[in-house]
Amino acid sequence: MPLYLLRRIAMTIPTLLLVSIAVFTLMRLIPGDPVLLMLGEGADPAQLELMRHQMGLDQPLVTQYFVWLRHALAGDLGVSTTNGLAVLPLIWERFHVSAVIVLTAVALASLIAVPAGLIAAWRKDRPTDLAIIGAATLLLSVPSFWLGLLLLMFFGQFLGWLPVVGYVPMSENFSQGVLYVILPIVTLVLVETGVLTRMSRASTIEILRLEYVTHARAKGVPESQVLRRHVLPNAFNPTLTMIGLILGHLLSGIAVLETVFTLPGLGRLMIDSIFARDYPVLQGCLLFTACIYVVINLIVDMCYPLFDPRVSVQ
Amino acid sequence: MNVPVPPPRHPTARSRRLLQATAWALGLAAGTAFAQTGGTGTGQTLRIQINSDIRSTDPGGNRDDNTDNVLLHVGEGLVALREDTSIGPMLASKVDTSADGLTYTFTLRDGVKFQNGATLVADDVVWSWQRYLRPASNWRCLPEFDGKGMTKVLSVEAPNPKTVVFKLERASALFLTMMARPDCGSAAILHRSSVGPDGQWKEPVGTGPYKFKEWKRGQYVELTRFDGYTSRAEPRDGLTGGKKAEVENLRFVVIPDSAAAKAALYSGGLDAFISPSPADVVEMRKRSDVVVDNTPVMTMIALLLQTNDPVLKDVRVRRALALALDTPEIASTVTEGLSVVNNSVVPSSSPYYDAVQATGFKRDLSAAKKLLAEAGYRGQPIRMIANKRYESLYSSAVLVQAMASEAGINIELEVLDWATQLDRYTKGQYQSMAFIYSARIDPSLNYEMVSGDKATQPRKAWDSPYAQARLTESMVSRDKARRQVLFDEMHKQMLQDVPMIVLFNASDATAMRKSVTGFKGWAPAKPRFWNVRLDASP
């Protein structure tokens, strides 16, 4: 296992290197000058040049890349051209906000979706199945920003129950902090429950068709035991893969929800840095996102044997 | 971020208790988030939306509109804009100009305090200006004062603690105007404790009615009342005149999404929403709990026509396009009737906007078609760049495309993001584009931003020796009547040359809860929250 882990981690190095080259090159290919954005449409050319020089943007691209890579390997992702803050602490601070929401939402969505998918598959083509699959289809068809706005307007504006804008870290004030994240979490739970329910149902149906399930039933094993001991563990692996993908996707991609709910998360940081052409922040965010995907994939791979002993870490 | 939620208007007390009880059941000390702000003045926080975070706390340094809007409450310059955009004294009690226009002597007001308690003396002005004039300061307006632009400041001296003397290399009618520009941070006079011993920026210690309190990046910036503020005696007048911090704290809350900001305003989680869209303004005006201030501002929406382009270099094609457009209709439709047409570069709220400036293009499709035929135009596509960051630009471009097609002009829209469009603008790489110019406070500055030598400054739309000669004179002349003549001549010439079609000046709305009183918008689109009160019960 440790050797397998080391090998997996070593395999991520070329991936991350390729990501860094792609990120750096793509960023520079996007038209738009960060210095011009900073100084405005009437900026003096000499002043623009001076600032480009101060930011190292007048160096050849290859030089810029290697300087950035050298610093990145030392844990220094540079400073934001927008506000002069160190990139790594900035990303870490914003990631905390996204992580709290995403991890809670995905955990809750999994708790709802996996049993729901199991039940739907078990009751396939019956009213229960139709109700569950109908609700799931509806939920996954709803755009998250629209649902978020709807919840925000209903619970925040109309009922006045929850704060509409703002954010308080739970580490600062737990009770207030929770109130500020309820709506974004509920939005994500609703949307992701739809996706996971369908996935869980599909994989369960596959398992229910297999011979060992028929065999267990033929032996007279009670249905609840068949589901719990034979179906669920085997059906969970594809769902686990999906959970991993959703986690990775959401941890870097809930910018729209963060914008709607005014949350200072990683997604919003990325969007802001794209509009501001804040190269260091965007490069740092994308590299960080790549790392998240790698780590989550690793964790998912490590979890497979727990649910299916046939999966060997060899 | 503590954004208190107001008492619910619709739910019953029972439903609220139910939620609180649920929150308690979850282990939360619910109710703390529902804390209310106190009575008027002390303890009150006015929550104002800004659509993106500020860039820094250095006035006129690393800046944008939001940065300026926040920091103008903290710092003040020697002079400042009045309501009519003329220049009035601020930290100075008077300004004397030598006959040759090369020496400006500022006498400082008595008893002005910095926010750290120190008294303002002339040495502070010298220190601040020496810092601004260093290239490393990245002061936005440095080129105007270091000889590249308007003039060169040769020296800033303090012959005594009450007097500051500026010596200039060449005279300029705009010296004080440039000093007062809000995007230059009003050249705010700062205490030297604003920077650390290493010269690195810390935070602004100015003389304004509010002092810097806290910046939670990505969330909010909070200012708090400066109790030692020394107000001018006159009534409020633009960025000068009397200022009183009525509310204890100003919290500028970062809310990028306008729908969320609107919901926050309606629910009472926000007190003021800066620059809602025209459609939102129409909706908000129907509400009884919200008031909207709508003011014409100097921001200019225009179509730029590339005079070097193979198709558009023919002035007849450009004129035909101008004649094909119903510009009053565009202005009215795009802004939901909040703005009216202005085909002049001089803003309609400028003191220099006269009957000549009010003349413009009149739609005449047959004349347009005739010009096109004479020019040999046969429907070659004209690509027009627009973006959706500024919705008015996109809407204008769509209307222009439709109207132009009636005259046989084939416009193809290309929607880019703002950064890319700005890049194309700067390099002059466009056929035509719908563009937005930020407010300039003097017509010379307005003409300067659009006219110049394209060979050295490709961003300039109007490359005309005729205009350049008049512009140069307008920047030096201190005779208002002569300047008016120059601006009028330039306007008439621009209507002939058509390097651009000015459509309208934007209007700027600020929506507020009814509990907010005393707010007044003005032409430079800089919201001021001094002299603004927050009533306990709306």
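A Cβ-based charge dipole, computed about the Cα centre of the protein assembly as shown with Lys and Arg at +1 and Asp and Glu at -1, lands at about 1520 debye. For the range B:153-312, the relative contact order comes to 9 percent (Cα pairs under 8 Å, sequence separation of at least 6). Put simply, chains A and B cover up around 4800 Å² of each other's accessible surface, both sides summed, when a 1.4 Å probe is used. Between A:A107 and B:K152, the distance separating the two model label sites (each 7 Å from Cα on the Cα→Cβ line) works out to 6.6 nm.
The largest accessible area among A:I30, B:I274 belongs to the first residue in A:I30, B:I274, and the rest follow in falling order (1.4 Å probe, all chains). Note on B:K162: aspartates and glutamates with a C-alpha under 17 Å away, same-chain residues under 8 apart excluded, are B:E76, B:D96, B:D110, B:D123, B:D124. Near the amide H of B:S93, within less than 5 Å, lie the amide hydrogens of B:T107, B:L108, B:R109, all on another chain or at least 5 residues away, with H placed in the peptide plane.
Ellipsoid semi-axes for the range B:450-521, based on the Cα gyration tensor and the rule √(5λ), read 34, 18, 12 Å when sorted largest first.
A 1.4 Å probe over all protein chains sorts B:W129, B:W418, B:W201 by accessible area into B:W201, B:W418, B:W129, starting with the largest.
Within a Cβ distance under 15 Å of B:T327, other residues only, what is the Lys/Arg minus Asp/Glu net charge?
On the way: positive: B:R318, B:R319, B:K362, B:R363; negative: B:D326, B:E329, B:D364, B:E406.
So the environment of B:T327 carries a net charge of 0.
Near B:G199, once Lys and Arg are set to +1 and Asp and Glu to -1 for all other residues with Cβ below 11 Å from its Cβ, the sum equals +3.
Treating the beta-carbon of each Lys and Arg as +1 and of each Asp and Glu as -1, no other charges, what is the dipole magnitude of the range B:71-155 about its Cα centre, to the nearest 20 debye?
260 debye
Considering the range B:336-479, its Cα convex hull presents a mean projected area of 10.4 nm². Karplus-based coupling profile of the range B:99-109, in residue order and whole Hz: 4, 7, x, 9, 10, 10, 10, 9, 9, 7, 5, with θ = phi - 60° in 6.51 cos²θ - 1.76 cosθ + 1.60 and x standing for Gly or Pro.
The Cα atoms of chain B cover 77, 67, 40 Å along the three principal axes, with the biggest extent listed first.
Can you sort A:D125, B:D314 by solvent-accessible area, 1.4 Å probe, largest first?
Final ranking, largest accessible area leading: A:D125, B:D314.
Using C-alpha pairs below 8 Å separated by at least 6 residues, the relative contact order for chain B is 18 percent. Ligands, DNA and RNA left out, the 1.4 Å accessible surface of the range B:123-263 is 47% carbon and sulfur atoms. In the complete set of protein chains, residue-level accessible area for B:D289 is approximately 30 Å², probe 1.4 angstrom. Averaged over the residues of A:171-181, the number of partner chain Cβ atoms lying within 10 Å of the residue Cβ comes to 5.
Residues whose amide H lies under 5 Å from that of B:Y210, counting only those 5 or more places away or on a different chain, are B:F226; hydrogens are built 1.01 Å from N in the peptide plane. Expressed as a fraction of 2.2 N^0.38 Å, the value expected for a compact globular protein of N residues, the C-alpha radius of gyration of the range B:191-257 is 1.32. For the range B:223-320, a Kirkwood radius taken over Cα pairs fed into Stokes-Einstein (4 °C, viscosity 1.567 mPa s) yields D = 71 µm²/s. Dividing the Cα radius of gyration of the protein assembly as shown by 2.2 N^0.38 Å, with N the residue count, gives 1.07.
Work out, in µm²/s and without decimals, the Stokes-Einstein translational diffusion coefficient of the range A:79-182 at 37 °C, 0.692 mPa s, Rh from Kirkwood over C-alpha pairs.
For the chosen part, D equals 195 µm²/s.
Each Cα pair under 8 Å and six or more residues apart adds its separation to the average, and for chain A the resulting relative contact order is 26 percent.
Solvent-accessible surface of the range A:30-69, averaged per residue with a 1.4 angstrom probe and all protein chains in place: 44 square angstrom.
When its C-alpha radius of gyration is set against 2.2 N^0.38 Å (N residues), the range B:65-110 gives a value of 1.37.
Of all DSSP-defined beta bridges confined to the protein assembly as shown, some 75% are antiparallel rather than parallel. Long hydrophobic helices in chain A, taken as whole DSSP H segments with a C-alpha length of 15 Å or more on their own axis and mean Kyte-Doolittle hydropathy at least -1.0: A:2-29, A:61-73, A:87-122, A:127-141, A:174-208, A:232-253, A:279-307.
Between A:V221 and A:Y4, the modelled labels are 2.4 nm apart [label points 7 Å from Cα along Cα→Cβ]. Evaluated at q = 0.20 Å⁻¹, the base-10 log of the normalised Debye intensity for the range B:66-202, with identical point scatterers placed on the Cα atoms, takes the values -1.36. Beyond 20 Å, what share of the Cα-Cα pairs of the range B:123-209 is found? Please give it as a whole percent. Of all Cα-Cα distances in the range B:123-209, 33 percent exceed 20 Å.
Projected over every direction and averaged, the convex hull enclosing the alpha-carbon atoms of chain A yields 21.1 nm². Each listed q (0.21, 0.24 Å⁻¹) maps to a log10 I(q)/I(0) for the range A:91-152, found by the Debye formula over equal Cα scatterers with no solvent: -0.94, -1.03. Both radii come from the Cα set of the range A:235-311: Rg as radius of gyration, Rh as Kirkwood radius; their ratio Rg/Rh reads 1.12. Accessible surface computed residue by residue for the range B:255-350, with neighbouring protein chains in place and a 1.4 Å probe, gives 31 Å² per residue. For the range B:501-522, the residues whose backbone nitrogen is under 20 Å from a point 7 Å from the Cα of B:S332, taken along Cα to Cβ, are B:502-508.
Amide H contacts of B:S172 (H built 1.01 Å from N, in plane; Pro and chain starts excluded): no residue 5 or more places away or on another chain comes under 5 Å. Over the range B:273-361, the reciprocal of the mean inverse Cα-Cα separation, the Kirkwood hydrodynamic radius, stands at 15.5 Å.
Secondary-structure-derived ellipticity at 222 nm for the protein assembly as shown, considering helices only, amounts to -14000 deg cm²/dmol, per-run term -39500 (n - 2.57) for DSSP H runs with n ≥ 4.
The values are calculated or read from the model by the stated rules, or taken from the named source; none is laboratory data. Predicted, not measured: the structure shown is a model, and the values here were computed from it. Cβ coordinates were reconstructed from backbone atoms using ideal geometry, including for glycine residues, and neighbour counts include every protein chain displayed. Surface accessibility is based on the protein's heavy atoms, side chains included, excluding ligands, DNA and RNA. Shrake-Rupley method; radii C 1.70, N 1.55, O 1.52, S 1.80 Å.
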